[in-house]
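What follows is a short report on a single structure.
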Amino acid sequence: MSHGNFEGYGGRHVPDPLQEPLEQLATAYDEIGTSDEFQADLRDLLEEFAGRPTPLYYAGNLSERYGAEIYLKREDLLHGGAHKINNALGQALLAKRAGRDRLIAETGAGQHGTATAMVGALLGLETEIYMGKKDVQRQEMNVFRMRLMGAEVNEVTRGGEGLADAVDAALEDFAENVEDTHYLVGSVVGPDPFPRMVRDFQSVIGTEAREQFLDRTGELPDAAVACVGGGSNAIGLFHAFRDDDDVAFYGAEGGGEGSDSSRHAAPLSSGKDDVIHGMKTRVIDEDVDVHSVSAGLDYPGVGPEHAMFRAVGRCEYSGVTDDAALAAFRELSETEGIIPALESSHGLARAIQLAEETDHERILVNLSGRGDKDMETAAEKFDL
Amino acid sequence: MGDTSEAEPDAIATAFEDESAFVPYLAVGDPTYEESLEYVEALAHGGADLIELGLPFSEPMAEGPTIQQAVTRALESGMTPERFFEFVEDLEVDVPLVCMTYYNLIYQYGPSEGPQSFVERAADVGLEGFVVPDLPAEEAGPLREACDEFGLDLVFIVAPTTRGDRLEEMMDRVSGYVYVQARLGATGARDDVSDQTEGSLDRLAGWEIPKAVGFGIKNGEHAERISAAGADGIIVGSALVDIVAEGHEEDRPVEETAERLEAKARELKDGALDGTERLPEPEHP
């Protein structure tokens, strides 16, 4: 028996003490999470608390410039400023229904930690966030936000004091407190059931977008484009279109200084099969320094379903360099008055490339988050 | 364990013969290659029956801070799979050696994908088996086959929560010994030794394979209690790594740290022997 098998990718590669809690979670998800009652309650929260549905926006100025219709799915308008809340709400509601009274999460830049703190406050669950010491110093505002909403922020000082070390500290906590604690994983990564469960919670993005696109244009897009770090916003967009063979998928990875350089975060376009963080997937080569200008893409692995999409040729993945992402970041701000997150700017840069280089006429881009958090980077790069 | 039980008694089986095996763990290359050689040899002098050699991996899971820091020190000193194999060749000990590492390193080693190359090289340098914490039994098919091909053992870790199908799956695929985790949580030395141990040993009572208990054993008294509870061996990691860490932080001479390790090893081995003496007549079903 193999869990969460995506054509050989995925699985549950974890030490044995974590097997049982993951099995319990999978059962809870299959039984409670898919029930009509749960789905109805989640839908209410997504509408009233998070602000769904988000608009599908026709970026007229950008479209005119590049000669293709570019549509943006505005996940940046959600509560908290990113798609992260879709998943956080789903998992926290599930945890509460399954009788857990405590949430833990890891966070890098603090976006997922903030989303977890929001739902913890909303649902009255004790919340503890693990964050590397380096990130705590870099992302002070998010630390304040989390604390203000009642979450305890745990500064992780082991190892490299970054995201990977925060993951490890959270796993350790989870292993010791499985009875009352839910580990709220922030992307479609990790051991089963997380990749499929997080995908399902994020699939609302594509379900809405598909309907909106049909309503508006009477057709489906030629291309769906999203940035890929762990890959939750991309899977969330793609899932509803997976059987629409005429909709091409494009995943924009953190290309850093170039996918053939020694500093990037693009395991799909330049990496190999491997096992990491509880899953079999694609991982960057060991002599590559994991790096992206956007913290959210700064991850050595990727969700196993993306590894499968790559293997079967359903999605084309490529690295978008820091410079190309920054240019798209600036361009959308100037042409449309929308400041995208640096992560989302990678998808946008890829969409612009497609508009210029292919005959795709209608391009749908997931604008997964807003750029407020990236103002310091922007001020520095553009000398604002 | 299938057919392997009918094979000639191998080195690992011999290590558990007295039912009080002392199985220490150290991270190889902590804090340096040379010091680490001395430390592992000191454990052998102190009475180790089998040694688990940790090949450090940058993304370990659910390890406590003690082992984490050992792994970080070892990686910083330049430990790699290739260096690890050289280390095993350089070691002068005559007890069986088992490699404890994460599946990532086993899978990616060598020119072809999969565990084959790693296992072949491990057999070449004389390792006897593997413990792979992040490899669940149901995913262990390819590694099990490679181990069978090269005559190595594959050890699984049984947690207090391991039951039902997963326990069966482990029973089918395990060989050498079972690593019984004494309690939930990450690795680390603790003052209490959990009574979850007895529960776990009870669940495994029908398995005709040595049962070694680890997690939280830090002194001779713990070793004695675990051994008296029916374990065939005790596994000790953090309490030994602590000695290495302390020696490193306080700049102790290598010989002094080695002596401390040897003394600790003796204390633990004696504890395990005392515990076995207290055992009632064995009841084998």
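The values are calculated or read from the model by the stated rules, or taken from the named source; none is laboratory data. Given the structure is predicted, the values throughout are model-derived calculations rather than measurements. Glycine also receives a Cβ, built like all others from the backbone with ideal geometry; neighbour counts cover every protein chain displayed. Surface accessibility is based on the protein's heavy atoms, side chains included, excluding ligands, DNA and RNA. Shrake-Rupley method; radii C 1.70, N 1.55, O 1.52, S 1.80 Å.
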Averaged over the residues of A:152-160, the number of partner chain Cβ atoms within 10 Å of each residue's own Cβ comes to 2
Mean separation of Cα pairs under 8 Å and 6+ residues apart, divided by the residue count of chain A: what relative contact order is that in percent? 19 percent
Going toward the positive end of the dipole of chain B, with +1 on Lys and Arg Cβ and -1 on Asp and Glu Cβ, which of B:272, B:79, B:200 do you reach last? B:200
Ignoring ligands and nucleic acids, residue B:238 exposes an accessible area, probe 1.4 Å, in Å² to the nearest 10, of 10 Å²
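What is the magnitude of the charge dipole of chain B about its Cα centre, with +1 placed on the Cβ of each Lys and Arg, -1 on the Cβ of each Asp and Glu, and no other charges, expressed in debye to the nearest 20?
I would put it at about 840 debye.
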Let's see if you can work this out: charge +1 on each Lys and Arg Cβ, -1 on each Asp and Glu Cβ, no other charges. What is the dipole magnitude of the protein assembly as shown about its Cα centre, in debye to the nearest 20? 2660 debye
Crossing angle, helix A:36-45 versus chain A [Cα axis fit, 0-90 degrees, rounded to tens]: 60 degrees
What number comes out for accessible area per residue over the protein assembly as shown if the probe is 1.4 Å? Units Å², please. 38 Å²
Two decimals is fine: what is log10 I(q)/I(0) at q = 0.12 Å⁻¹ for segment A:204-356, from a Debye sum with one equal scatterer on every Cα and no solvent? -0.48
Any chance you could look up the accessible area of residue A:134 with a 1.4 Å probe, heavy atoms only, rounded to 10 Å²? 100 Å²
Calculated [θ] (222 nm, deg cm²/dmol) that DSSP helices of n ≥ 4 give over chain A, each run adding -39,500 (n - 2.57): -12500 deg cm²/dmol
Sites matching GluC sites (Glu not before Pro) across segment A:6-79 that sit in DSSP coil, with at most 15 neighbouring C-beta atoms within 10 Å: A:7
Here the equivalent ellipsoid of segment A:147-203, derived from its Cα gyration tensor, has semi-axes (largest first, whole Å) of 21, 15, 13
Quantify how strongly other chains surround peptide B:99-107 by giving the mean number of their Cβ atoms within 10 Å of each of its Cβ atoms. 3
By how many degrees, between 0 and 90 and to the nearest 10, does the Cα long axis of helix A:111-123 differ from the longest principal axis of chain A? 50 degrees
Take the cross-link list A:134/A:373; B:218/B:269; A:133/A:280 and give me the ones stretching past 20 Å between alpha-carbons. A:133/A:280
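Suppose accessible area is computed on protein heavy atoms with a 1.4 Å probe; arrange A:35, B:58, A:187 from highest to lowest.
B:58, A:35, A:187
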Using the eigenvalues of the Cα gyration tensor, what equivalent ellipsoid semi-axes result for segment A:1-133 when each is taken as the square root of five times the eigenvalue, whole Å, largest first? 31, 20, 17
Taking N as the residue count of segment A:185-282, its alpha carbon Rg divided by 2.2 N^0.38 Å gives 1.19
Whole-number Å³ per residue for the convex hull built on Cα positions in chain A: 130 Å³
Once normalised by the length of segment B:2-276, the mean sequence separation of its alpha carbon contacts under 8 Å that are 6 or more apart gives a contact order in percent of 24 percent
Against the longest principal axis of chain A, how steep is helix A:322-336, in degrees 0 to 90 to the nearest 10, with axes from Cα atoms? 70 degrees
At 1.567 mPa s and 4 °C, plugging the Kirkwood radius over alpha-carbon pairs of the protein assembly as shown into Stokes-Einstein gives what diffusion coefficient in µm²/s? 50 µm²/s
Considering all projection directions equally, how large on average is the shadow of the alpha-carbon convex hull of segment A:308-384, in square nanometres? 6.0 nm²
Intensity falloff of chain B expressed as log10 I(q)/I(0), Debye formula with alpha-carbon point scatterers, at q = 0.07, 0.09 Å⁻¹: -0.22, -0.37
Roughly what % antiparallel, to the nearest 5, for the DSSP beta bridges in the protein assembly as shown? 20 percent
Please arrange A:204, B:213 by accessible surface area, largest first, computed with a 1.4 Å probe and ligands excluded. A:204, B:213
Label-point separation (nm) for residue A:382 and residue B:113, each offset 7 Å from Cα along Cα-to-Cβ? 4.1 nm
Could you tell me the center-to-center distance, by alpha carbons, between segment A:254-271 and segment B:123-161 in angstrom? 33 Å
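On average, how many beta carbons from a partner chain sit within 10 Å of the beta carbon of a residue in B:134-145?
Going residue by residue through B:134-145 and averaging, the value is 4.
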